[in-house]
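Asks: Quick one: structure below, then a few questions.
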């Protein structure tokens, strides 16, 4: 086999490889363009299929709140500060401060928006997942404390674990929140609370 013929074969193989790479790239791009609108439309479908809760809390009282407060020294519910209006169907949540509390009702999971200890709004979740302790370790910075304070806290927590009913030192569930802008149409709130991860969807106020 001559050198010139060998070069032609090698160059031909390179061309074929480049064509295959190009075709794979085009398929990947087309797949992304096709799937992206479908993914965005899912939020419209999710929002439309969610139902407004058909129940209320009498006088806005969460019947499990008193029990929760006997377990902890501090409020176990994460504080949500809203600077805009969140809309779910005919429910409008104005700017303000709310304690968010996940609750189950007849097999479905909701998040209660509480103001001054009273339930103001009940919003259904569209998905519930599990989170881990490692997530909080990564996303929640630990406050810097002196060695003496760490020692005192460790002793208090140990005693509290032994006698939780008397000391109310049971650790408060860790929490975290994400708020995502979905295509300028929706607000997605992801509430991390304890071992749970709760998804909420709202229309943007325009």
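FYI, it's all coordinate maths here, none of it is from the lab. Treat the numbers as computed from the prediction; the structure is a model and nothing was measured. Cβ sites come from the backbone with ideal geometry, for glycine too, and all protein chains shown count toward neighbours.
Asks: Rounded to the nearest 0.05, what FRET efficiency do residue 56 and residue 134 give with R0 = 35 Å and r taken as the Cβ-Cβ distance? Could you check? Please list the in-between numbers first.
Replies: Numbers: r = 38 Å, r/R0 = 1.08.
That pair, residue 56 with residue 134, gives E of 0.40.
Asks: Which ordering of 85, 125 is given by a fewest-first count of other beta-carbon atoms within 10 Å? Intermediate results must be reported in sequence, preceding the final value.
Replies: Working: 85 15, 125 22.
Exposure proxy ranking, most exposed first: 85, 125.
Asks: Taking 0.36 nm per residue of separation and subtracting the Cα-Cα distance, what length does fully extending residue 64 through residue 116 add?
Replies: 17.2 nm
Asks: Which FRET efficiency value, to the nearest 0.05, do you get for residue 205 and residue 73 by plugging their Cβ-Cβ distance into 1/(1 + (r/R0)^6) with R0 = 30 Å? List each step's numbers first, then the result.
Replies: Working: r = 37 Å, r/R0 = 1.24.
That pair, residue 205 with residue 73, gives E of 0.20.
Asks: Tell me, 81, 118 in order of fewest to most beta-carbon neighbours within 10 Å?
Replies: Values: 81 9, 118 14.
So the residues, fewest neighbours to most, are 81, 118.
Asks: When a footprinting reagent is the concern and you count Cβ atoms within 10 Å, what order do 201, 182 take, fewest first?
Replies: On the way: 201 22, 182 16.
Exposure proxy ranking, most exposed first: 182, 201.
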